[in-house]
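The values are calculated or read from the model by the stated rules, or taken from the named source; none is laboratory data. The structure displayed is predicted, hence computed values, not measured ones. Ideal geometry is used to build each Cβ from the backbone, glycine not excepted, and the neighbour counts take in all protein chains shown. When the accessible area is computed, the model is the full protein with side chains, heavy atoms only, and any ligands, DNA or RNA have been set aside. Shrake-Rupley method; radii C 1.70, N 1.55, O 1.52, S 1.80 Å.
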Amino acid sequence: LVLSIIMYPNMINVKSLLAKPFAGVIHRQIQKDRKTALKDQQDILNQLIKVGKTTLFGKEHHFDQVKDYPSFQKAVPLRDYEQFIPYIDQIKKGTQNVLWKGRPIYFAKTSGTTSGVKYIPITKDSINNHINGARNAILAYMSVTGNTQFAGGKMIFLSGSPELERVGGIPTGRLSGIVNHHIPQYLRGNQLPSFETNCIEEWEEKLDKIVTETLGKDLSLIGGIPPWVQMYFDRIVEITGKPVIEIFPNLQVLVQGGVNFEPYKTKLFDTIGKQIDTIELFPASEGFFAYQDTRTEPGLLLNTNSGIFYEFIPLANVHDEAPIRISLADVQLGEQYAMVINSNAGLWGYHLGDTIKFVSIDPYRVIVTGRVKHFISAFGEHVIGEEVEQALLEVTKQMEVSVVEFTVAPFIQQGEGKSYHEWFIEFEKKPADMALFSKKLNEVLSAKNVYYEDLIAGSILAPLHINQMQKNAFIDYMRAQGKLGGQNKVPRLSNDRVIADALKQYIAP
């Protein structure tokens, strides 16, 4: 084999060849970890407490008296980012051993809500969680499918800028930009776009440069948030007049995450010109939580052996003053939970705001169902993201409709008439009968949410109203907000009118 590589280097893709045994090794470790998830979680909690005792946070919260999970719960209250700011400020001032031993090696800079910019610590101990998560997802795909050919082609990742600033002396930037610095040297030759292009902050300028750099290359894998991947593909089609697969005939894999893929899938594959394999991830600045490890089972494998101890709040209790918190051992299939993490990045009782549902507990697999803050309950209906996404998906399939993007908000009637849910939808392929489409969508949503159904039946709410949006409405809106590209997403649901009122100017005439 070695002789063949030396004599006929063009006949054998060395990277593809070497990837296969490595993928097998990693996949076997993943399978082992699946069986020991509860033990691994207990071991991680014990290690977190042991290290935490030496920190300012641990001393303030009496970690020396914490002996088990119940005493840990009593010692560590739930917090969101705003309540961590005093600790982050101390880290910025140069204080050692605040939330974790030493100081963070990075701050991951991300957008907050009430807090503005958030600075999430990444430590020497936690960096591998971010790096190995995506690696394991790709290697698991290789192992279960046997497809390693794409490893020798060009790979494009639509990510944030790798340029880092310093905040309190700590290198700071977007998580995707930080991870870019840790791509192994042997993959650098496969990576697109160039470092210089990746450093461009303005998304549309960056997109044009990415297109220029990638046309004519042997692209085999692309990674990114689906709406921004779609923008890249649209630009390729606009310039060449051909389906993406004719430009990149060896494109085989799409690595995606950050939003529910289903609403984007049809249009993405239509633009490509064929269906290709996808690998779904559940990453965030706070940690890499789950990834797709199988081609046949639903859900994403929870990353249970990577420095994070998980807790879960039943969604029904999430707004209680002292909500119930349970460990992985007590989760139930099909229940909605808000996720809480404790990690070797120094995040303790950290309320992420993401909601998940377990679709398997042997092994532990989840689907992401939305955000705690992304819901509509202006009238007591508590409609969540999973419900509107599934309702829209069902009706678009029934009526052969294609949607580019959408969001929903309450419309509270001030005068005569009834209030209703107002939908803003940009269609790729419009319904032949908009009234029927609206009626069916309202019926399916009612079937998914009994409170919404009761409000409609009791004439408290009028049936939903749909605004057809002009082409590129959501792109134009994101551009106007200074949030075009990168890791930014349009919320599916809002319980206020801020986004809805801003979108009014983009309604189709």
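Any residue at all in the stretch 134-147 that's open to solvent by less than 20 Å² (accessible area, probe 1.4 Å) and outside any helix (DSSP H, G or I)? Spell out the reasoning first.
Taking the stretch 134-147 first, the residues open to solvent by less than 20 Å² (accessible area, probe 1.4 Å) are 137, 139-142.
Checking the rest, the ones that are also outside any helix (DSSP H, G or I) come to none.
No, every residue in the stretch 134-147 fails to be open to solvent by less than 20 Å² (accessible area, probe 1.4 Å) and outside any helix (DSSP H, G or I).
Could you check, for the stretch 413-436, whether at least one of its residues is closer than 25 Å to residue 353 by Cβ, free of Cβ contacts under 8 Å to residues at least 60 places away in the same chain and not hydrophobic (A, V, I, L, M, F, W, C)?
yes
Quick one: which of 366, 403, 359 is open to solvent by 10 Å² or more (accessible area, probe 1.4 Å), at pLDDT 95 or above, touching a strand residue (DSSP E or B) at 6+ places or on another chain (Cβ under 8 Å) and not in a loop (DSSP other than H, G, I, E, B)? Walk me through it before giving the result.
Numbers: 366 fails: open to solvent by 10 Å² or more (accessible area, probe 1.4 Å); 403 fails: at pLDDT 95 or above.
After applying the criteria, what remains is 359.
Could you go through the stretch 478-492 and let me know if any residue there is more than 15 Å from residue 403 (Cβ to Cβ), in a helix (DSSP H, G or I) and open to solvent by 20 Å² or more (accessible area, probe 1.4 Å).
Looking through the stretch 478-492, at least one residue is more than 15 Å from residue 403 (Cβ to Cβ), in a helix (DSSP H, G or I) and open to solvent by 20 Å² or more (accessible area, probe 1.4 Å).
Among the residues in the stretch 282-302, are any modelled with pLDDT of 95 or more, more than 18 Å from the chain's Cα centre (by Cα) and buried (at least 21 other Cβ atoms within 10 Å of the Cβ)?
No, the stretch 282-302 contains no residue that is modelled with pLDDT of 95 or more, more than 18 Å from the chain's Cα centre (by Cα) and buried (at least 21 other Cβ atoms within 10 Å of the Cβ).
If I filter the stretch 161-186 down to residues being out of contact with any Asp or Glu (no Cβ under 9 Å at 6 or more places or on another chain) and of a type in the set (Gly, Ala, Ser), which single residue comes out as least open to solvent (accessible area, probe 1.4 Å)?
Among them, the one singled out is 176.
For residue 154, which of the numbered conditions (1) surrounded by 20 or more Cβ atoms within 10 Å (Cβ to Cβ); (2) closer than 23 Å to residue 287 by Cβ; (3) in contact with a Ser or Thr (Cβ under 8 Å, 6 or more places away or on another chain) fails to hold?
Tallying (1) surrounded by 20 or more Cβ atoms within 10 Å (Cβ to Cβ); (2) closer than 23 Å to residue 287 by Cβ; (3) in contact with a Ser or Thr (Cβ under 8 Å, 6 or more places away or on another chain), residue 154 fails exactly one: (2).
Could you figure out which of (1) outside any strand (DSSP E or B); (2) within 29 Å of the chain's Cα centre (by Cα); (3) surrounded by 15 or more Cβ atoms within 10 Å (Cβ to Cβ) isn't true of residue 426?
The failed condition is (1).
Go through the stretch 47-63 and report how many residues are open to solvent by 50 Å² or more (accessible area, probe 1.4 Å), in a helix (DSSP H, G or I) and out of contact with any helix residue (DSSP H, G or I) (no Cβ under 8 Å at 6 or more places or on another chain). Before the answer, list the steps.
Going through the stretch 47-63, the residues open to solvent by 50 Å² or more (accessible area, probe 1.4 Å) turn out to be 47, 50, 53-54, 56, 59-60, 62.
When the remaining residues are screened for being in a helix (DSSP H, G or I), the result is 47, 50, 56, 59-60.
After this cut, where a residue has to be out of contact with any helix residue (DSSP H, G or I) (no Cβ under 8 Å at 6 or more places or on another chain) as well, the list is 47, 50, 59-60.
Counting residues in the stretch 47-63 that are open to solvent by 50 Å² or more (accessible area, probe 1.4 Å), in a helix (DSSP H, G or I) and out of contact with any helix residue (DSSP H, G or I) (no Cβ under 8 Å at 6 or more places or on another chain) gives 4.
List every residue pair whose Cβ atoms sit under 7 Å apart, with the two residues 6 or more apart in sequence or on different chains, where the first one lies in the stretch 498-509 and is in contact (Cβ under 8 Å) with a residue 60 or more places away in the chain and in a loop (DSSP other than H, G, I, E, B) and the second, anywhere, is hydrophobic (A, V, I, L, M, F, W, C) and open to solvent by 50 Å² or more (accessible area, probe 1.4 Å).
Listed by first residue and then by second, the contacts come to nothing, as the list is empty.
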